[in-house]
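Taking it in order: structure first as structure tokens, then the write-up.
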Amino acid sequence: MAAINVKVNGVDHKAEVEPRLLLVHFIREVLRLTGTHIGCDTSHCGACTVVLDGRAVKSCTVFAIQADGREVLTVEGLEQDGKLNHLQEGFFQEHGLQCGFCTPGMLMTGYEFLKNNAEPSEDEIRHAISGNLCRCTGYVNIVKAYQYAAQKMREGGAQ
Amino acid sequence: MIPRSFEYSAPGTLDEAVALLQKLGSDAKILSGGQSLIPMMKLRLASPPHIVDINRIPGLDYITEKDGFLRIGALVRESDLERSELVRSRFPILVDTTSVIADPLVRNQATVCGNLAHGDPANDHPATMLALGAIVVAVGPRGERDVPVENFFPALFTTALEADEILREIKIPIPPPSTGGAYLKLERKVGDYATAGVAVQITLNNSGACTAAAGIGLTNVGFTPIKAVKAEAFVKGKQLDQAAVKQASEIAAGESHPVDDIRGPADYKRDLVRVLTARAIVRALERVKGGV
Ligand SMILES: Cc1cc2nc3c(=O)[nH]c(=O)nc-3n(C[C@H](O)[C@H](O)[C@H](O)COP(=O)(O)OP(=O)(O)OC[C@H]3O[C@@H](n4cnc5c(N)ncnc54)[C@H](O)[C@@H]3O)c2cc1C
Ligand code: FES
Ligand code: FES
């Protein structure tokens, strides 16, 4: 067992973990933050996406011990003071989800992407979400949700 | 899926990492991006008793130009390569390659050096590095050594690295003026390995003929990444008109050794090598002339 300290959504979490514990299991089973989903468990679907030190990664393909001393943002950390962030609002307004299983991953990928690209083209958005599978929507409304958020971010600053 | 238990170390320096590897021998596996190793451990295709995580070693995430080489450190992620101004302006072939590897999330973790160290003939960087004449810098208990990438892949899933060596850096010779390169890959969907892939790098002399520096590499059409040496020899000194491009691509196809699998029958893949080689040469020629 090894002692780790991971900052998740701004809060430090100390824990004793086995080195083989995956980050997604740490998040879901140790911290009980179940917004981060497990879809394929084989590094393909992106349902488990979280932001690790500013970069969107598949948390089923990272060991929790690798996150020791680092910062993780999960879908639970997007809302601020009871207010959805622009991308969450975009998914709501543009009907960017049906079953919602892929949504947390889509939101975390978008969180990193929109920070680095304030005026994305449709092609750039589709490229950005190419590691996140959605079995329901056909992606059209997800692209619209990203465009909605990008627009809001340009008008109203960060979030 | 849960990997077998293992001991974990995260050394803070290269020297410490090398000492650990020397002590542990074949019990240890290096963890860099983890995007091949961790999936294999979850499937229990790999169960190393000891993981040596090199991600905590500072100073290995550089992309620089020095002493005639572009140098890519062991902890450069695919997404770093994709975003690097130096790479975008001078090595569009590397941008071609990295942007068709896996997906943006995997590329945020996966390292360029790990892509070679994994020794998978389905990986995309090996063909490109063969075309570019890259050199792998390995560091181990006996010091540092350079391995030309053409000697780096002796057999399936095998590299020239010893168990106690770390791939510290990839060195790519800075190409002379009038050079262009391109990497083309056919994949069934994003994140899939290549049905086939072809990397081409060419330099033209003053009269517009191809110089001796030509490089052609093939992805996933053999047990190892393939350097298409006959096609390279053919283009040397030639004006690459339509007929020459056609002939070169047929020669390259003849150098591939694909097998039938879920991505298609061998004949189809061989023909794909022909088509992709011709297109990659044309794209490389456009880039010699300043195209994108
Ligand atoms: C969904 C998915 C799709 C993918 N698609 C593609 C694709 O289309 N094309 C492609 O090329 N790749 C693809 N990959 C593989 C990906 O690029 C891997 O990241 C890469 O093969 C290995 O790099 P890594 O840094 O992740 O290495 P790791 O997984 O950490 O290590 C891989 C192996 O190399 C060894 N190793 C790693 N770094 C070093 C080093 N510096 N020195 C010595 N040994 C080292 C390790 O011990 C291990 O044996 C895909 C991966 C996934 C999960
Ligand atoms: S659960 Fe991690 S990529 Fe599918
Ligand atoms: S909304 Fe169902 S998978 Fe995307």
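The values are calculated or read from the model by the stated rules, or taken from the named source; none is laboratory data. What you are looking at is a predicted structure, and each value in this text was computed from that prediction instead of being measured. Neighbour counts are summed over all protein chains in view; Cβ atoms, including those assigned to glycine, are modelled from backbone coordinates with ideal geometry. When the accessible area is computed, the model is the full protein with side chains, heavy atoms only, and any ligands, DNA or RNA have been set aside. Shrake-Rupley method; radii C 1.70, N 1.55, O 1.52, S 1.80 Å.
Once you have a ≥ b ≥ c as the square roots of the Cα gyration tensor eigenvalues for the range B:179-287, tell me rounded if a/c is under 1.5, and otherwise prolate or oblate according to whether a/b is larger than b/c. If you can, show how the numbers build up before the last one.
Details: a/c = 2.28, a/b = 1.87, b/c = 1.22.
Prolate, since a/c reaches 1.5 and a/b exceeds b/c.
Given an 8 Å cut-off on Cα distances and at least 6 residues of separation, report the relative contact order of chain A as a percent.
Details: 282 pairs, mean separation 38.4, N = 159.
Contact order relative to length: 24 percent.
Given a Förster distance of 35 angstrom, what is the FRET efficiency for A:R32 paired with B:M40, based on the Cβ-Cβ distance and rounded to 0.05? If you can, show how the numbers build up before the last one.
Working: r = 29 Å, r/R0 = 0.83.
That pair, A:R32 with B:M40, gives E of 0.75.
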remark   = Under a Gaussian network model of chain B whose springs join Cα atoms within less than 10 Å, the largest fluctuation of B:I135, B:I172, B:I262 belongs to B:I262
ask   = What is the range A:2-76 by shape, rounded, prolate or oblate, if you read a ≥ b ≥ c off the alpha carbon gyration tensor as root eigenvalues and call it rounded for a/c under 1.5, prolate for a/b larger than b/c, and oblate otherwise?
value = prolate
Per-residue [θ]222 nm for the protein assembly as shown (sum of -39500 (n - 2.57) over DSSP H runs n ≥ 4, rounded to 500) = -9000 deg cm²/dmol
request  = With +1 on each Lys and Arg Cβ and -1 on each Asp and Glu Cβ, and nothing else charged, work out how big the dipole of the range B:7-52 is about its Cα centre, in Debye to the nearest 20.
outcome  = 260 debye
request  = Working from Cα positions, state the angle (0 to 90°, nearest 10) between the long axis of helix B:14-24 and the longest principal axis of chain B.
outcome  = 70 degrees
note = Test assert for the range B:67-106: residues whose accessible surface shrinks by at least 50 Å² between chain alone and all chains, 1.4 Å probe, equal B:P104, B:L105
ask   = Residue by residue through the range A:80-92, which ³J(HN,Hα) values in whole Hz follow from phi under the Karplus form 6.51 cos²θ - 1.76 cosθ + 1.60 (θ = phi - 60°), with glycine and proline marked x?
value = 10, 6, x, 10, 5, 7, 4, 6, 4, 4, x, 5, 5
message = I want to verify a result. In a Gaussian network model of chain B, Cα cutoff 10 Å, which of these has the top mean-square fluctuation: B:A231, B:A252, B:A163?
response = B:A163
query = Going by a ≥ b ≥ c, the root eigenvalues of the Cα gyration tensor, does the range B:10-130 fall in the rounded group (a/c under 1.5), the prolate group (a/b larger than b/c) or the oblate group?
reply = oblate
inquiry  = Suppose every Lys and Arg Cβ carries +1 and every Asp and Glu Cβ carries -1, with no other charges. What dipole size does chain B come out with about its Cα centre, to the nearest 20 debye?
reply    = 580 debye
Whole-number accessible area per residue in Å² for the range B:179-287, which is evaluated in the context of all protein chains at 1.4 Å = 43 Å²
inquiry  = Do any residues of the range A:112-153 show a loss of at least 40 square angstrom of accessible area between the isolated chain and the full protein assembly, using a 1.4 Å probe, and if so which?
reply    = A:H127, A:S130
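Just to confirm the filter: which trypsin sites (Lys or Arg not before Pro) across the range A:113-159 are DSSP coil and have at most 15 other Cβ within 10 angstrom of their Cβ? Intermediate values should be presented prior to the final figure.
Details: sites: A:K115, A:R126, A:R135, A:K144, A:K152, A:R154; in loops: A:R135.
Answer by residue number: A:R135.
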note = The longest stretch of chain B containing none of the trypsin sites (Lys or Arg not before Pro) that sit in a DSSP loop with at most 12 other Cβ atoms within 10 Å is B:190-288
task = Quote the total accessible area buried by chains B and A together, excluding ligands, DNA and RNA, probe 1.4 Å, nearest 100 Å².
result = 2500 Å²
message = With unit charges on the beta carbons (Lys and Arg positive, Asp and Glu negative) and the dipole taken about the Cα centre of chain B, which residue among B:G215, B:A17, B:G180 sits farthest to the positive side?
response = B:G180
note = The answer for chymotrypsin sites (Phe, Trp or Tyr not before Pro) in the range B:219-281 that fall in a DSSP coil and have at most 16 neighbouring Cβ atoms within 10 Å is B:F223
note = Which of B:S79, B:S249, B:S36 fluctuates most in a GNM of chain B (C-alpha springs under 10 Å)? That residue is B:S36
ask   = Which pairs in the list A:K152/B:K185; A:K144/B:K189; A:K7/B:K66 are over 30 Å apart, alpha-carbon to alpha-carbon?
value = A:K152/B:K185; A:K7/B:K66
query = Counting only protein chains, not ligands or nucleic acids, how are A:M1, B:M40 ordered by accessible area (probe 1.4 Å), most first?
reply = A:M1, B:M40
request  = Could you work out the relative contact order of chain B, using alpha carbon pairs under 8 angstrom and six or more residues apart, expressed as a whole percent?
outcome  = 15 percent
message = Taking the alpha-carbon distance from A:K58 and a cut-off under 14 Å, which aspartates and glutamates remain once sequence neighbours fewer than 8 residues away in the same chain are dropped?
response = A:D41, A:E112, B:D103
task = Treating only the Cβ atoms of Lys and Arg (+1) and Asp and Glu (-1) as charged, compute the dipole magnitude of the protein assembly as shown about its Cα centre; round to the nearest 20 debye.
result = 720 debye
message = Computing the accessible area with a 1.4 Å probe over protein heavy atoms, can you report the carbon and sulfur percentage for the protein assembly as shown?
response = 51 percent
